[in-house]
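The values are calculated or read from the model by the stated rules, or taken from the named source; none is laboratory data. Everything numeric in this text was worked out from a predicted model, so none of it was measured. Note that each Cβ is placed from the backbone with ideal geometry, even for glycine, and that neighbours are counted across all protein chains shown.
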Amino acid sequence: MEKVLEVKNLQISFKTFFGEVEAVRGISFDVGKRETVAIVGESGCGKSVTANSIMQLLPMPPAFFKGGEIIFNGENLLDKTEKEMQEIRGNKISMVFQDPMTSLNPTMRIGKQIVEGLIKHKKLNSKEAEKKAIEMLELVAVPQPEKRIHQYPHEFSGGMRQRVMIALAMVSTPNLLIADEPTTALDVTVQAQILELMKNLQTKLDMSIILITHDLGVVADMSDRVVIMYAGQILEQGLTEEIFKNPKHPYTRKLLASVPRLDMSRNKPLHAIDGTPPDLYAPPKGCPFYDRCSEAMKVCKSYMPNFDNHSNTHISRCWLNHPMAQEANSVEGGRA
Amino acid sequence: MVEPLISARNIKKHFDVGEGMLKAVDGISFDIYPGETFGLVGESGCGKSTAGRTIMRLYEPTDGELFFNNENIYTLPRREMQHVRKNFQMIFQDPYASLNPRMTVEDIIAEPLDIHQMYKNKEERNQRVLELLRLVGLGEEHVMRFPHEFSGGQRQRIGIARALALNPKFIICDEPISALDVSIQAQVVNLLKDLQNKLGLTYLFIAHDLSMVRYISDRVGVMYLGHMMELADSEELYLNPIHPYTKALLSAIPIPNPEIQRGRHRIMLEGDVPSPINPPEGCRFVDRCSYAVDKCKQVTPKLEKIKEKHLVACHRAKEMIK
C-alpha cells in the first residue's frame, strides 16, 4: 500500500523545571492511503504528543525533538521551516481536537472561522469562500447552514460544534486527518453520529485518518490497524482483528480485559491493572510495563526487548515471545 | 418482601433561569433496596446528576417526597436533616476538584468525623483515618500528604474513604470513574464492589458509560430530559430494551470487538436533545422517535409496568415488545 505518513524512531522530550520528561521514546509506525490507524493508550502515554508533533504544534521550548523522522508524502516534516509547515497544516494535514467547546473561537461567527482558512489556503474571495463554507457545513450535515454560519459557537450543541470542527478540518480536502479523541467529550448517541460522519467523509474524500483514543469500542468500530502505546513507547501493533482476537503483549491483553463489554456476562470479574504507569522523568531501563505485569520475568526489568513479527502486519515487543521464555518462567517460578 | 431503603416519589427539581423554568428533573419515582446498586444512566443534560443531588437534598427539591427508612426527609428541619445525612454520602466525578488542595489527606478524611464529632480524642481520630485508608487500599505513609501528590485513581480512593467515614448506609456515586483511565476505572469499580460486600452498602450509581453501569448495577433506570423512560433489572434492560430511546442508546455503544461491532445495526438518532426549558406536554423523546404517534405529542406517558420488574414510559410499549 502507498504510504502517506511514516514516523521513524521519533523521540520527543520536554525540558521542565524538574528535569527532562521523555514523552515519546523512539516510536515508528506508518499510515497508508485511505487507511485508519488508531493510536491507543492511557493518559500520559504520549499519544497526543505524537499527534501534535506531526503537525508541529508542540511549544518549543519546552518540547524538543531528540531524534527521528516524520516522512509525509516523501518529505521529512522535521526539516521544514515554519512557513513551509503553514502550507501543510490545514491544507494537507488537518486536525480535529478533543474538546469542541474550547477549540472554536467563542467571539467569532462560525462562518467566519471556516472562511478564514479558505481565504488563506485557497485564495478565494469572500463571496466564494462563504459559498464554500455553506457547502462544507452541508457536507458534515449541519442543518440550515445558510443560517448557521451567522451564529456563534455557544449557539451550537457539543455534537454540532464537533461537526463544525470537522468541517474546518475538511475545507482543503487534506490527505491526512489527525483526530485526537474526537468523540471523548460527546454522548454515545452523538458519538455514533460523528463516527459515521468521519467514515463517510473518508470514503468520499479519499483520506487517511490517525485516530487517537482510549476507547477500545471506537477502535473496533473505526480502525484498520491499531498501535498500542505505553509510557512513550509502542508495545504492539497490528491489524484491528489481530489486536482484538490475538493480543500478544500482556498490556494489550489486560487493557482488553479491563473494560466491561455489553456482549459479555456481568458476572465475570473485571480485570484491573494494578498500579500506575511509570514516571517519565526517569523512564525505566527495561520494559515500562514491568511493575504492573503479572507475567514479568527478571530480564524484563533490565532490558527492553525488540519487536517480534507474528505476521506481516502484527508485531509486539515482549520477552514472552522469546523461545526461552517458557523455560525462564519455570526456573524462576513465575514473576521475578 | 424487602422494604426499600430509599423511595423517591415524584421528585422534581426546577431551576428558574430567567427565560423560563428549566425542568432538570421532572417527576421521577423509584425504589432502591438495601444492599443493591441502582444505576442511573442518560446523556449529558438528562438530569441524572441533579437527581442525585436532589435525593441528597444538596438541592432543595421543587416537589416530591423522599423516604429513607420510611421517613420523608424532605420535610425535616435543617438540624435533623444534618443528623440523617450521616447515612447519605456522595462520591464525586472529578477527583481533582473534589478534594481541598490545601488540606492533608488526614484532614480531608477526618472532616466528616470533625463535623459530626465522632471521636473522643486525637488518638481515636487517627485510628479511624488509618482504618479508612487501609479499607480503600492506601496506607499509613499517605496520611500527611496533599492531594496533588496522588494520581487520579488514588485521589478517587481518598474521596471514597471520606465518604465511608461516617459509616453511611447509602452512597451516591456521581460519575465516579469517568475522569479515570480504563485500567484505573476497573480498580475503582472493583474497590466499590468489594466495599459493598464488606460493609453492606447501597449505591446509586450515576454514569453515562452504559457498559460500566450494566456491569456494576443490579437495576438500571434510563433518564431522558428529566423523565425516567425505562427501569428494569440490569440484565433484562440490556437484553430486552423496550423504549425506543433505550434501544437507540444501547445500539450506539461501540463493542470492543471488531467482528461484532462491524456487523451491528445502529439506530441513528437524528438531531440533538431538545432544550429542557419549558418543555411542552407529551413524551420528551417524541421529536426524535421513529415510532411516535399523535398521542405521544399530547399526553406524557407514565412509567408503567409492562412486564414483571420492567417499567417503561411509552404509549406504544406493548407493541414494542412484539
### Task
Report yes if some residue within the stretch A:26-33 is part of a strand (DSSP E or B), out of contact with any helix residue (DSSP H, G or I) (no Cβ under 9 Å at 6 or more places or on another chain), among the acidic types (Asp, Glu) and at pLDDT below 90; otherwise report no.
no
### Query
Which condition number does residue A:151 fail, the rest of (1) assigned to a helix (DSSP H, G or I); (2) more than 19 Å from the chain's Cα centre (by Cα) being met?
(1)
### Message
Looking at the stretch B:214-269 only, could you name the residues that are touching a strand residue (DSSP E or B) at 6+ places or on another chain (Cβ under 7 Å) and acidic (Asp, Glu)?
### Response
B:218, B:230, B:233, B:236
### Task
Only residues in the stretch A:103-119 that are at negative phi count as the first member; pair them with residues that are of a type in the set (S, T, N, Q) and assigned to a helix (DSSP H, G or I), Cβ under 8 angstrom, at least 6 apart or cross-chain, and list the lot.
A:104/A:113; A:105/A:113; A:115/A:126; A:119/A:126
### Query
Is it true that some residue in the stretch A:272-279 is in contact with a Phe, Trp or Tyr (Cβ under 8 Å, 6 or more places away or on another chain), more than 20 Å from residue B:180 (Cβ to Cβ) and of a type outside the set (S, T, N, Q)?
no
### Query
What residue, among those in the stretch A:152-172 that are more than 14 Å from chain B (Cβ to nearest Cβ) and out of contact with any strand residue (DSSP E or B) (no Cβ under 9 Å at 6 or more places or on another chain), is farthest from residue A:208 (Cα to Cα)?
A:152
### Message
Among the listed residues A:42, A:75, A:84, A:69, identify the single one that is in the same structural domain as residue A:14 (by TED's automatic domain parsing) and in contact with a Lys or Arg (Cβ under 6 Å, 6 or more places away or on another chain).
### Response
A:69
### Message
If residue A:240 satisfies all but one of (1) more than 25 Å from residue A:12 (Cβ to Cβ); (2) surrounded by fewer than 21 Cβ atoms within 10 Å (Cβ to Cβ); (3) polar (S, T, N, Q), what's the number of the condition it fails?
### Response
(2)
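Out of B:218, B:272, report the one residue that is closer than 19 Å to residue B:29 by Cα and within 14 Å of chain A (Cβ to nearest Cβ). Can you show your working first?
Numbers: B:272 fails: closer than 19 Å to residue B:29 by Cα.
The match here is B:218.
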### Task
Inspect all residues belonging to the stretch A:205-215 and state whether any of them is assigned to a helix (DSSP H, G or I) and away from chain B (no Cβ under 14 Å).
yes
### Task
Please indicate, with yes or no, whether at least one residue in the stretch B:45-56 is modelled with pLDDT under 90, in the same structural domain as residue B:89 (by TED's automatic domain parsing), touching a helix residue (DSSP H, G or I) at 6+ places or on another chain (Cβ under 8 Å) and farther than 24 Å from residue B:284 by Cα.
yes
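Looking only at the stretch B:147-173, filter to residues that are among the β-branched types (Val, Ile, Thr) and part of a helix (DSSP H, G or I); which one of those is surrounded by the fewest Cβ atoms within 10 Å (Cβ to Cβ)? Let's see the steps before the verdict.
Keep residues of the stretch B:147-173 that are among the β-branched types (Val, Ile, Thr), which gives B:158, B:160, B:171-172.
If we keep only those that are part of a helix (DSSP H, G or I) too, we end up with B:158, B:160.
On the way: B:158: 23, B:160: 25.
Residue satisfying both the conditions and the ranking: B:158.
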#### Entry: Matching residues in the stretch A:10-33 - criterion: being closer than 16 Å to residue A:178 by Cα and either surrounded by fewer than 20 Cβ atoms within 10 Å (Cβ to Cβ) or within 14 Å of chain B (Cβ to nearest Cβ) (or both)
A:29, A:30, A:32, A:33
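For the stretch B:28-44: of the residues being of a type in the set (Gly, Ala, Ser) and surrounded by 20 or more Cβ atoms within 10 Å (Cβ to Cβ), which is nearest to the other protein chains (Cβ to nearest Cβ)? Please lay out each step first, then the result.
Kept after step one, since they are of a type in the set (Gly, Ala, Ser), are these residues of the stretch B:28-44: B:29, B:35, B:39, B:42, B:44.
Next cut, surrounded by 20 or more Cβ atoms within 10 Å (Cβ to Cβ) only: B:39, B:42.
Numbers: B:39: 12, B:42: 9 Å.
Ranking the qualifying residues of the stretch B:28-44, first place goes to B:42.
Every residue, every condition in (1) touching a Leu at 6+ places or on another chain (Cβ under 6 Å); (2) modelled with pLDDT under 90, yes or no:
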residue	(1), (2)
B:202	yes, no
B:206	yes, no
B:212	no, yes
B:217	no, no
B:246	no, no
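Taking helices (runs of 4 or more DSSP H) that do not extend beyond the stretch A:219-331, which have at least 2 residues that are within 14 Å of another protein chain (Cβ to nearest Cβ)? Even if it seems obvious, please write down each step before you answer.
Values: elements: A:240-245, A:250-257, A:298-302.
Helices (runs of 4 or more DSSP H) meeting the threshold: A:240-245, A:250-257.
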### Query
What are the residues in the stretch A:94-127 that are of a type in the set (Ser, Thr, Tyr) and under 26 Å from the mean Cα position of the chain (by Cα), if any?
A:94, A:102, A:103
### Query
Identify, please: which residue in the stretch B:175-188 is modelled with pLDDT of 85 or more and surrounded by 23 or more Cβ atoms within 10 Å (Cβ to Cβ) and is, among those, farthest from the other protein chains (Cβ to nearest Cβ)?
B:176
### Query
When you scan the stretch A:259-281, how many residues do you find that are without any contact (Cβ under 8 Å) to a residue 40 or more places away in the chain, of a type in the set (A, V, I, L, M) and within 30 Å of residue A:302 (Cβ to Cβ)?
2
### Query
Under the condition of being out of contact with any Pro (no Cβ under 8 Å at 6 or more places or on another chain), within 14 Å of chain B (Cβ to nearest Cβ) and not in a strand (DSSP E or B), which residue from the stretch A:34-45 is farthest from residue A:206 (Cα to Cα)?
A:43
### Task
Hey, can you tell me all the residues within the stretch A:182-204 that are of a type outside the set (A, V, I, L, M, F, W, C), within 14 Å of another protein chain (Cβ to nearest Cβ), in contact (Cβ under 8 Å) with a residue 24 or more places away in the chain and surrounded by fewer than 21 Cβ atoms within 10 Å (Cβ to Cβ)?
A:184
### Query
Is at least one residue of the stretch A:37-57 touching a residue at least 40 places away in the same chain (Cβ under 8 Å), exposed (fewer than 15 other Cβ atoms within 10 Å of the Cβ) and not small (Gly, Ala, Ser)?
no
### Query
Which of the residues belonging to the stretch A:149-177 are touching a Gly at 6+ places or on another chain (Cβ under 8 Å), more than 23 Å from residue A:88 (Cβ to Cβ) and of a type outside the set (A, V, I, L, M)?
A:150
#### Entry: Conditions (1) hydrophobic (A, V, I, L, M, F, W, C); (2) in contact (Cβ under 8 Å) with a residue 60 or more places away in the chain; (3) over 21 Å from residue A:238 (Cβ atoms): number failed by residue A:318
(3)
### Task
Check residue B:141 against each of (1) over 28 Å from the mean Cα position of the chain (by Cα); (2) of a type outside the set (Ser, Thr, Tyr); (3) in a loop (DSSP other than H, G, I, E, B) and name the one condition it does not meet.
(3)
### Query
Which is surrounded by fewer than 19 Cβ atoms within 10 Å (Cβ to Cβ) and in contact with a Ser or Thr (Cβ under 7 Å, 6 or more places away or on another chain), of B:229, B:144?
B:144
### Task
Provide a single number: the residues in the stretch B:239-258 that are without any contact (Cβ under 8 Å) to a residue 12 or more places away in the chain and more than 7 Å from every other protein chain (Cβ to nearest Cβ).
2
